[in-house]
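Please read the structure below before turning to the comments.
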Amino acid sequence: AVRRWIEDSSRKSPVVLAFADLQWADESSLELLKYCLPICDSETILWLLTFRQEREAPLRAFQHYIEAEFPHRMTSVALPPLTETQSQELIDHLIGANTLPKETSQLIIHNAAGNPYYILELIRSLIARDVLVRDEGNGAWHVTRSVTSLDLPDSLQRLLVARIDRLSIQERIVLQVAAVIGPVFWLNAIQSILGETQTLKTNLTALQREQLIQESGRVPELGMQYLFRSPLIRDAAYDSLLSSQKATYHLKAAEYLEDLINPDVLGNHAGLLAYHYHGAGNPRKELFYTFLAAERAHEIHAGTEALQYYNRAMELLNLLQEQARSPAQQQAIHAQRFEVLNGRRHVLFQLGQVEASRSDTQALLQLARQMSDDPIWLIDALIAQADISRDNRQELMPGLQMAEEALALARQLGDEQREMRSLTRVANIRFTLNDPTWRELAE
């Protein structure tokens, strides 16, 4: 649907699509982008991709893909850190030449280490502290006192924290709650969490004036949508909260979204709800939505993301199993583990991790043997064993025996759905073994 929309738009007129801060993108987003990039070979479209060089695998692999597949379309522009001369030019552009004493400029340039964003934040911090003030008459900036190293935090993180600390109490709380919600947040969600509406819009406007957040449209039921000017600002705001505060706000955010979202589309938001229940310290709820997110990612062929969710679900099941006290609780965990293993084996196979997929498939059978009170688990596990690809006749025979065992159990239970699946496996293996009885079973 996304690719079709881009193609339709580019046929009407030239299109520019800009993607900033790609170093923060997840693998599924990068895969979607890779799927859409070939449009530039046939339509009038410009992809503008900006990112910071990272060593992490997803972005590096994406960069190599572009270099390999689109050398005829690609123009690469590397932006190294600013030199001292360029840093000085940026300072002069922001507040005018010779506004700062030379030693102050050198201190800013040294701390910023060529990062223009850091220089901008350092200048903002001096303005916020009234070290730099503007003449109302001619608009020129001037220094009110000498600047020391104490006025200039030695890291961007500390600088942003100091900037957040200068906000009013209410503005800071709103920013922190927004950081808990996520990189994108909504007016109605913050209202629900804080439980007040009198000054909220005023505080959000103040945060926009401070260049910490910005509006990005309106969403039905959620109200005005905002996003952080930089992921670094969000990280600084989030880290400024106590652990107990984070848990409280995450729980309120999860409960608000859970009540708001239509159950029919809950799977589309399961990852977000899992994230909030993780922050709230509720592993049972996190497990529920993590598994739902894994299934949803699997449905839309986002294999890498699905695998991450399934792996997290296994971690949560291990944790909950340690806490389980009654046989009923243990049995429930076994059932959930079976579903996670069954889903993960399919994803692993699709990702080409055949041995890992086979290992999960074999684990299903071991688990099903422990769940002897319900033979349905054993039938499904036996059918899964029959699905494992075999290289020779000797390996095919155990698979055939398991498929026949599943068939007998399904007929014993009168489960026609599982009987059909078992018959299919038996027929497939017998066909591979050149056994003429396969045709009768298939029919």
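The values are calculated or read from the model by the stated rules, or taken from the named source; none is laboratory data. For clarity, every value in this text was computed on a predicted model and none was experimentally measured. So basically every Cβ, Gly included, is an ideal-geometry build from the backbone, and we count neighbours across all protein chains shown. Protein only, heavy atoms only, side chains kept; ligands, DNA and RNA dropped before computing areas. Shrake-Rupley method; radii C 1.70, N 1.55, O 1.52, S 1.80 Å.
Restricted to the range 320-421, the set of helices (runs of 4 or more DSSP H) holding at least 3 residues that are of a type in the set (Lys, Arg) comprises 327-350.
Quick one: count up the residues across the range 35-61 that are within 21 Å of TRP5 (Cα to Cα) and either open to solvent by less than 50 Å² (accessible area, probe 1.4 Å) or in contact with a His (Cβ under 8 Å, 6 or more places away or on another chain) (or both). Summing the residues that are within 21 Å of TRP5 (Cα to Cα) and either open to solvent by less than 50 Å² (accessible area, probe 1.4 Å) or in contact with a His (Cβ under 8 Å, 6 or more places away or on another chain) (or both) in the range 35-61 gives 9.
Counting only residues that are surrounded by 11 or more Cβ atoms within 10 Å (Cβ to Cβ) and in contact (Cβ under 8 Å) with a residue 24 or more places away in the chain, the range 62-85 holds 10 of them. Here are some residues: LEU257, LEU273. Which one is outside any strand (DSSP E or B), open to solvent by less than 40 Å² (accessible area, probe 1.4 Å) and touching a residue at least 40 places away in the same chain (Cβ under 8 Å)? Sole residue among the options that is outside any strand (DSSP E or B), open to solvent by less than 40 Å² (accessible area, probe 1.4 Å) and touching a residue at least 40 places away in the same chain (Cβ under 8 Å): LEU257.
Anything in the range 304-331 that is open to solvent by 50 Å² or more (accessible area, probe 1.4 Å) and either among the aliphatic types (A, V, I, L, M) or more than 30 Å from LEU30 (Cβ to Cβ) (or both)? List them, or say none. LEU319, GLN321, GLU322, GLN323, ARG325, PRO327, ALA328, GLN329, GLN330, GLN331, listed by residue number.
State which residue is modelled with the lowest pLDDT when the search covers only the range 417-437 and only residues that are within 15 Å of GLY399 (Cβ to Cβ), over 41 Å from the mean Cα position of the chain (by Cα) and open to solvent by 70 Å² or more (accessible area, probe 1.4 Å). It comes out as THR432. The residues of the range 280-300 that are assigned to a loop (DSSP other than H, G, I, E, B) and without any contact (Cβ under 8 Å) to a residue 24 or more places away in the chain amount to a single one, ILE300. Taking the range 95-123 on its own, how many of its residues are open to solvent by 60 Å² or more (accessible area, probe 1.4 Å) and either farther than 21 Å from ARG166 by Cα or touching a strand residue (DSSP E or B) at 6+ places or on another chain (Cβ under 9 Å) (or both)? The qualifying residues number 8. If you go through the range 220-246 and keep only what is touching a strand residue (DSSP E or B) at 6+ places or on another chain (Cβ under 8 Å), open to solvent by 40 Å² or more (accessible area, probe 1.4 Å) and of a type in the set (A, V, I, L, M), you end up with just LEU227. Of the residues contained in the range 1-10, none is found to be without any contact (Cβ under 8 Å) to a residue 60 or more places away in the chain, under 25 Å from TYR117 (Cβ atoms) and not hydroxyl-bearing (Ser, Thr, Tyr). The listed residues are GLN191, GLN170, and the only one of them that is open to solvent by 60 Å² or more (accessible area, probe 1.4 Å), modelled with pLDDT of 90 or more and more than 17 Å from LEU232 (Cα to Cα) turns out to be GLN170. Among the residues of the range 411-443, the ones that are hydrophobic (A, V, I, L, M, F, W, C), touching a residue at least 12 places away in the same chain (Cβ under 8 Å) and either more than 20 Å from ILE388 (Cα to Cα) or out of contact with any Phe, Trp or Tyr (no Cβ under 6 Å at 6 or more places or on another chain) (or both) come to 7 in all.
Of all residues in the range 399-416, those being open to solvent by 50 Å² or more (accessible area, probe 1.4 Å) and among the small types (Gly, Ala, Ser) number 2.
Counting only residues that are out of contact with any strand residue (DSSP E or B) (no Cβ under 8 Å at 6 or more places or on another chain) and at pLDDT 90 or above, which one in the range 12-33 is most open to solvent (accessible area, probe 1.4 Å)? The extreme case among them is LYS12. For LEU46, the stated conditions hold: it is farther than 30 Å from LEU159 by Cα and in contact with a Pro (Cβ under 8 Å, 6 or more places away or on another chain).
One residue stands out among those in the range 346-398 that are closer than 24 Å to ARG430 by Cα and of a type in the set (Lys, Arg): the one that is most open to solvent (accessible area, probe 1.4 Å), which is ARG393.
Scan the range 402-414 and tell me whether some residue there is among the charged types (D, E, K, R), under 33 Å from the mean Cα position of the chain (by Cα) and at pLDDT 90 or above. No, there is no match, as no residue in the range 402-414 is among the charged types (D, E, K, R), under 33 Å from the mean Cα position of the chain (by Cα) and at pLDDT 90 or above. Does ARG209 satisfy being among the basic types (Lys, Arg), open to solvent by 20 Å² or more (accessible area, probe 1.4 Å) and more than 19 Å from SER240 (Cα to Cα)? It is true that ARG209 is among the basic types (Lys, Arg), open to solvent by 20 Å² or more (accessible area, probe 1.4 Å) and more than 19 Å from SER240 (Cα to Cα). Just one of the listed residues (GLN170, GLN157, GLN191) is part of a helix (DSSP H, G or I), in contact with a helix residue (DSSP H, G or I) (Cβ under 7 Å, 6 or more places away or on another chain) and within 30 Å of ILE109 (Cβ to Cβ), namely GLN157.
Checked against the criteria, ALA179 counts as touching a strand residue (DSSP E or B) at 6+ places or on another chain (Cβ under 9 Å), open to solvent by less than 30 Å² (accessible area, probe 1.4 Å), closer than 30 Å to TYR256 by Cβ and not in a loop (DSSP other than H, G, I, E, B).
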